1. For the Cα atoms of the chain, what angle does the longest principal axis make with the long axis of helix 70-79, in degrees from 0 to 90, nearest 10?
2. Do the sum for the chain: with -39,500 (n - 2.57) for every DSSP H run of n ≥ 4, divided by all residues, what is the mean residue ellipticity at 222 nm, to the nearest 500 deg cm²/dmol?
3. Give the angle, between 0 and 90 degrees and rounded to the nearest 10, that separates the Cα long axis of helix 15-30 from the longest principal axis of the Cα atoms of the chain.
4. Which values of log₁₀ I(q)/I(0), to two decimal places, follow from the Debye formula for the range 24-95 at q = 0.12, 0.14, 0.26 Å⁻¹ with a uniform point scatterer at every Cα?
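Values quoted throughout were computed directly from the atomic coordinates according to the rules given, and no laboratory measurement underlies them. The structure presented is a predicted model; accordingly, all values stated were derived computationally and were not measured.
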Amino acid sequence: MIMEIAYITISPGRADEFEEVLKSALDIVRGADGFIDVHVHRGIERPDVVMLAIAWETLEAHTVGFRESDRFIQWRAAISPFFAEPPSVEHWILR
């Protein structure tokens, strides 16, 4: 299992609005092949930063199956208007 960790910096003052949009946008991700689970965390020291932790069956389920699909286009269209900068994304092996 792989954990995708994405740090998303939201444009100042739009974090609450982003969280509302994110609730429905995550349904796009939840329907992807290889999706397992997702957790959303908002920063305390940096309240305009959201950390998404998305578990995938394999790295390829995320990097190929999801990112090369229409679902990814829909996902980014929903959330990218809130980005202050491009997200930072890393993948972690869960043991």
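1. Its long axis makes an angle of about 20 degrees.
2. Helices in the chain give a 222 nm mean residue ellipticity of -8500 deg cm²/dmol.
3. 10
4. Each listed q corresponds, in turn, to -0.34, -0.46, -1.44.
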